[in-house]
Amino acid sequence: YSDLSYQVTRFMVAKLGLKRIGYLYQNDDLGEVGRIGVDRALKELGVELKAAVGYERGTSDFTTQVLKLRDANVDAVVSIGTAPSVATAIKQARQQNFKTTWGSYGVGGSAIMRKLLGGEINGLVFASDIESFFAESDAAKRATAVVQKYFPNAKAEFTMFMGYAQAQMVVHVLRAAGKDLTRAKLVEALQNMGAFDSDVMPMSYSNTKHTAASAVKIY
(Lines give C-alpha, C1' and ligand atoms only; values in the text may rest on other atoms or scores of the structure.)
Protein backbone atom coordinates (compact mmCIF):
# COMPACT_ATOMS: atom_id res chain seq x y z
CA TYR A 1 0.00 0.00 0.00
CA SER A 2 2.86 2.41 0.66
CA ASP A 3 4.14 1.79 -2.88
CA LEU A 4 0.69 2.48 -4.33
CA SER A 5 0.13 5.66 -2.31
CA TYR A 6 3.64 6.76 -3.28
CA GLN A 7 2.96 6.29 -7.00
CA VAL A 8 -0.45 7.97 -7.04
CA THR A 9 0.92 10.95 -5.06
CA ARG A 10 3.89 11.33 -7.41
CA PHE A 11 1.57 11.20 -10.41
CA MET A 12 -0.78 13.84 -9.04
CA VAL A 13 2.06 16.23 -8.28
CA ALA A 14 4.53 15.55 -11.10
CA LYS A 15 2.12 14.77 -13.95
CA LEU A 16 -1.06 16.64 -13.04
CA GLY A 17 0.70 19.62 -11.48
CA LEU A 18 -1.30 19.48 -8.23
CA LYS A 19 0.84 20.87 -5.42
CA ARG A 20 -1.54 21.34 -2.48
CA ILE A 21 -2.01 17.75 -1.34
CA GLY A 22 -4.25 16.53 1.46
CA TYR A 23 -4.31 13.03 2.93
CA LEU A 24 -7.56 11.42 4.12
CA TYR A 25 -6.88 8.17 5.89
CA GLN A 26 -8.45 5.38 7.90
CA ASN A 27 -7.06 5.60 11.44
CA ASP A 28 -5.41 2.18 11.54
CA ASP A 29 -2.46 0.29 10.04
CA LEU A 30 -3.81 0.74 6.49
CA GLY A 31 -3.89 4.51 6.87
CA GLU A 32 -0.48 4.62 8.52
CA VAL A 33 1.15 2.53 5.78
CA GLY A 34 -0.46 4.73 3.13
CA ARG A 35 0.97 7.81 4.84
CA ILE A 36 4.49 6.39 4.41
CA GLY A 37 4.11 6.45 0.62
CA VAL A 38 2.54 9.90 0.54
CA ASP A 39 5.29 11.40 2.70
CA ARG A 40 8.04 9.73 0.64
CA ALA A 41 6.67 11.07 -2.65
CA LEU A 42 6.19 14.61 -1.34
CA LYS A 43 9.65 14.68 0.23
CA GLU A 44 11.25 13.66 -3.07
CA LEU A 45 9.29 16.34 -4.93
CA GLY A 46 9.90 19.07 -2.36
CA VAL A 47 6.20 19.55 -1.62
CA GLU A 48 4.67 20.01 1.84
CA LEU A 49 1.59 18.02 2.87
CA LYS A 50 -1.14 20.59 3.49
CA ALA A 51 -3.50 18.48 5.59
CA ALA A 52 -3.69 15.00 7.09
CA VAL A 53 -7.17 14.10 8.28
CA GLY A 54 -8.07 10.77 9.86
CA TYR A 55 -11.32 8.95 10.55
CA GLU A 56 -12.32 5.81 12.43
CA ARG A 57 -13.16 2.58 10.64
CA GLY A 58 -16.88 2.45 9.83
CA THR A 59 -17.32 6.24 9.64
CA SER A 60 -20.30 7.23 7.48
CA ASP A 61 -20.35 11.00 8.06
CA PHE A 62 -17.29 12.74 6.64
CA THR A 63 -18.57 16.29 7.06
CA THR A 64 -15.87 17.30 9.54
CA GLN A 65 -13.07 15.69 7.52
CA VAL A 66 -14.25 17.29 4.28
CA LEU A 67 -14.44 20.73 5.88
CA LYS A 68 -10.90 20.40 7.24
CA LEU A 69 -9.60 19.49 3.79
CA ARG A 70 -11.55 22.31 2.17
CA ASP A 71 -10.28 24.82 4.74
CA ALA A 72 -6.72 23.70 3.95
CA ASN A 73 -7.42 24.74 0.35
CA VAL A 74 -6.08 21.50 -1.09
CA ASP A 75 -6.33 20.85 -4.81
CA ALA A 76 -5.93 17.08 -4.47
CA VAL A 77 -6.71 14.46 -1.83
CA VAL A 78 -5.07 11.06 -1.54
CA SER A 79 -7.41 8.72 0.33
CA ILE A 80 -6.38 5.31 1.65
CA GLY A 81 -9.17 3.29 3.26
CA THR A 82 -11.86 0.78 2.37
CA ALA A 83 -13.75 1.31 -0.87
CA PRO A 84 -17.03 2.33 0.86
CA SER A 85 -15.21 4.90 3.01
CA VAL A 86 -13.35 6.44 0.07
CA ALA A 87 -16.52 6.53 -2.04
CA THR A 88 -18.60 8.08 0.75
CA ALA A 89 -16.02 10.80 1.37
CA ILE A 90 -15.92 11.66 -2.34
CA LYS A 91 -19.70 11.89 -2.60
CA GLN A 92 -20.07 13.99 0.54
CA ALA A 93 -17.28 16.32 -0.59
CA ARG A 94 -19.10 16.97 -3.85
CA GLN A 95 -22.37 17.50 -1.99
CA GLN A 96 -20.59 20.27 -0.07
CA ASN A 97 -19.33 21.72 -3.36
CA PHE A 98 -15.75 20.84 -2.45
CA LYS A 99 -14.28 20.20 -5.87
CA THR A 100 -10.88 18.58 -5.85
CA THR A 101 -9.01 15.73 -7.53
CA TRP A 102 -9.17 12.45 -5.63
CA GLY A 103 -6.54 9.72 -5.66
CA SER A 104 -6.47 6.25 -4.16
CA TYR A 105 -5.10 2.73 -4.63
CA GLY A 106 -6.45 -0.35 -6.44
CA VAL A 107 -9.91 -0.24 -4.86
CA GLY A 108 -10.55 2.62 -7.26
CA GLY A 109 -11.12 -0.04 -9.91
CA SER A 110 -13.33 -2.29 -7.79
CA ALA A 111 -16.96 -3.12 -8.50
CA ILE A 112 -18.10 -1.69 -5.16
CA MET A 113 -16.42 1.64 -5.92
CA ARG A 114 -18.15 1.86 -9.30
CA LYS A 115 -21.49 0.90 -7.74
CA LEU A 116 -21.25 3.45 -4.93
CA LEU A 117 -19.98 6.35 -7.03
CA GLY A 118 -21.71 5.74 -10.34
CA GLY A 119 -20.83 8.51 -12.77
CA GLU A 120 -19.05 10.39 -9.99
CA ILE A 121 -16.15 7.98 -10.37
CA ASN A 122 -15.05 10.02 -13.38
CA GLY A 123 -11.85 11.86 -12.50
CA LEU A 124 -10.79 9.50 -9.73
CA VAL A 125 -7.06 8.72 -10.06
CA PHE A 126 -5.85 5.40 -8.68
CA ALA A 127 -2.68 3.35 -8.66
CA SER A 128 -3.01 -0.39 -9.08
CA ASP A 129 -0.61 -3.33 -9.30
CA ILE A 130 -3.41 -5.28 -10.99
CA GLU A 131 -4.93 -4.75 -14.42
CA SER A 132 -8.08 -2.66 -14.30
CA PHE A 133 -11.43 -3.35 -15.93
CA PHE A 134 -11.24 0.20 -17.25
CA ALA A 135 -8.18 -0.67 -19.35
CA GLU A 136 -10.13 -3.07 -21.58
CA SER A 137 -6.80 -4.65 -22.49
CA ASP A 138 -6.31 -7.99 -24.23
CA ALA A 139 -4.92 -9.39 -20.97
CA ALA A 140 -8.03 -8.32 -19.05
CA LYS A 141 -10.30 -9.82 -21.71
CA ARG A 142 -8.32 -13.07 -21.68
CA ALA A 143 -8.47 -13.39 -17.89
CA THR A 144 -12.19 -12.62 -17.87
CA ALA A 145 -12.86 -15.25 -20.55
CA VAL A 146 -10.98 -17.92 -18.56
CA VAL A 147 -12.89 -17.19 -15.36
CA GLN A 148 -16.27 -16.93 -17.09
CA LYS A 149 -15.74 -20.33 -18.68
CA TYR A 150 -16.23 -21.82 -15.20
CA PHE A 151 -18.17 -18.99 -13.54
CA PRO A 152 -20.36 -17.43 -16.28
CA ASN A 153 -21.74 -14.69 -14.04
CA ALA A 154 -18.33 -13.41 -12.88
CA LYS A 155 -17.67 -9.75 -13.63
CA ALA A 156 -14.28 -8.34 -14.53
CA GLU A 157 -13.08 -6.20 -11.65
CA PHE A 158 -10.29 -5.57 -9.16
CA THR A 159 -10.85 -8.45 -6.74
CA MET A 160 -11.51 -11.01 -9.48
CA PHE A 161 -8.25 -10.10 -11.21
CA MET A 162 -6.41 -10.23 -7.88
CA GLY A 163 -7.59 -13.78 -7.24
CA TYR A 164 -6.80 -14.77 -10.83
CA ALA A 165 -3.22 -13.47 -10.57
CA GLN A 166 -2.66 -15.20 -7.24
CA ALA A 167 -3.95 -18.50 -8.64
CA GLN A 168 -1.68 -18.23 -11.68
CA MET A 169 1.32 -17.66 -9.45
CA VAL A 170 0.45 -20.60 -7.18
CA VAL A 171 0.09 -22.97 -10.15
CA HIS A 172 3.38 -21.71 -11.60
CA VAL A 173 5.20 -22.32 -8.31
CA LEU A 174 3.58 -25.73 -7.77
CA ARG A 175 4.81 -26.85 -11.17
CA ALA A 176 8.29 -25.59 -10.38
CA ALA A 177 8.29 -27.44 -7.05
CA GLY A 178 7.63 -30.73 -8.85
CA LYS A 179 6.24 -34.01 -7.59
CA ASP A 180 6.29 -35.23 -3.97
CA LEU A 181 5.43 -31.76 -2.77
CA THR A 182 6.58 -30.61 0.64
CA ARG A 183 6.36 -27.25 2.35
CA ALA A 184 10.12 -26.83 2.03
CA LYS A 185 10.04 -27.53 -1.72
CA LEU A 186 7.20 -25.09 -2.21
CA VAL A 187 9.00 -22.33 -0.29
CA GLU A 188 12.20 -22.97 -2.25
CA ALA A 189 10.35 -22.78 -5.57
CA LEU A 190 8.70 -19.53 -4.51
CA GLN A 191 11.98 -17.98 -3.32
CA ASN A 192 13.51 -18.82 -6.69
CA MET A 193 10.53 -17.77 -8.80
CA GLY A 194 12.13 -14.59 -10.12
CA ALA A 195 9.97 -12.68 -12.60
CA PHE A 196 6.59 -14.09 -13.55
CA ASP A 197 4.13 -12.26 -15.79
CA SER A 198 0.57 -13.36 -15.09
CA ASP A 199 -2.08 -12.11 -17.48
CA VAL A 200 -3.18 -9.29 -15.19
CA MET A 201 -0.26 -8.65 -12.85
CA PRO A 202 3.51 -8.68 -13.41
CA MET A 203 5.16 -10.28 -10.40
CA SER A 204 8.52 -11.20 -8.97
CA TYR A 205 9.46 -13.04 -5.81
CA SER A 206 12.74 -13.91 -4.11
CA ASN A 207 14.21 -14.60 -0.68
CA THR A 208 14.51 -10.84 -0.15
CA LYS A 209 11.37 -9.61 -1.96
CA HIS A 210 8.05 -10.86 -0.61
CA THR A 211 5.71 -8.37 -2.25
CA ALA A 212 4.81 -10.23 -5.43
CA ALA A 213 3.70 -7.16 -7.41
CA SER A 214 6.51 -5.71 -9.52
CA ALA A 215 4.80 -2.86 -11.41
CA VAL A 216 2.14 -0.21 -10.90
CA LYS A 217 -0.22 1.44 -13.37
CA ILE A 218 -2.01 4.73 -12.94
CA TYR A 219 -5.64 4.93 -14.03
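Numbers at a glance
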item	result
Hits in segment 182-205 - residues which are modelled with pLDDT under 95 and either part of a loop (DSSP other than H, G, I, E, B) or among the polar types (S, T, N, Q) (or both)	191, 192, 193, 198, 199, 200, 201, 204
Residue list for segment 41-62, restricted to those being surrounded by 17 or more Cβ atoms within 10 Å (Cβ to Cβ) and among the charged types (D, E, K, R)	50
Where a residue in segment 10-29 is within 19 Å of residue 51 (Cβ to Cβ) and of a type in the set (Ser, Thr, Tyr) and its partner, wherever it lies, is open to solvent by 10 Å² or more (accessible area, probe 1.4 Å) and part of a helix (DSSP H, G or I), with Cβ under 7 Å and at least six apart	23/35; 25/35
Residues that are among the β-branched types (Val, Ile, Thr) and more than 29 Å from residue 160 (Cβ to Cβ), drawn from segment 177-198	182
Output for segment 3-40, where each listed residue is open to solvent by less than 30 Å² (accessible area, probe 1.4 Å) and of a type in the set (Gly, Ala, Ser)	5, 22, 31, 34, 37
Residues within segment 121-161 that are within 28 Å of residue 92 (Cβ to Cβ), among the aliphatic types (A, V, I, L, M) and in a helix (DSSP H, G or I), tallied	1
Matching strands (runs of 3 or more DSSP E) fully within segment 1-115 where at least 2 residues are more than 17 Å from the chain's Cα centre (by Cα) and not hydrophobic (A, V, I, L, M, F, W, C)	51-55
Scope segment 185-207; condition surrounded by 13 or more Cβ atoms within 10 Å (Cβ to Cβ), in contact (Cβ under 8 Å) with a residue 12 or more places away in the chain and touching a helix residue (DSSP H, G or I) at 6+ places or on another chain (Cβ under 7 Å); matching residues	186, 189, 190, 193, 196, 198, 199, 200, 201, 203, 205
Candidates 143, 89, 83 - the one that is buried (at least 20 other Cβ atoms within 10 Å of the Cβ) and either farther than 26 Å from residue 198 by Cβ or at pLDDT 95 or above (or both)	89
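The values are calculated or read from the model by the stated rules, or taken from the named source; none is laboratory data. Here the structure is a predicted model, which means the values were calculated and not measured. Every residue, glycine as well, gets a Cβ built from its backbone with ideal geometry; the counts of neighbours run over all protein chains shown. Remember, those area values only see protein heavy atoms, side chains included, never the ligands or the DNA or RNA. Shrake-Rupley method; radii C 1.70, N 1.55, O 1.52, S 1.80 Å.
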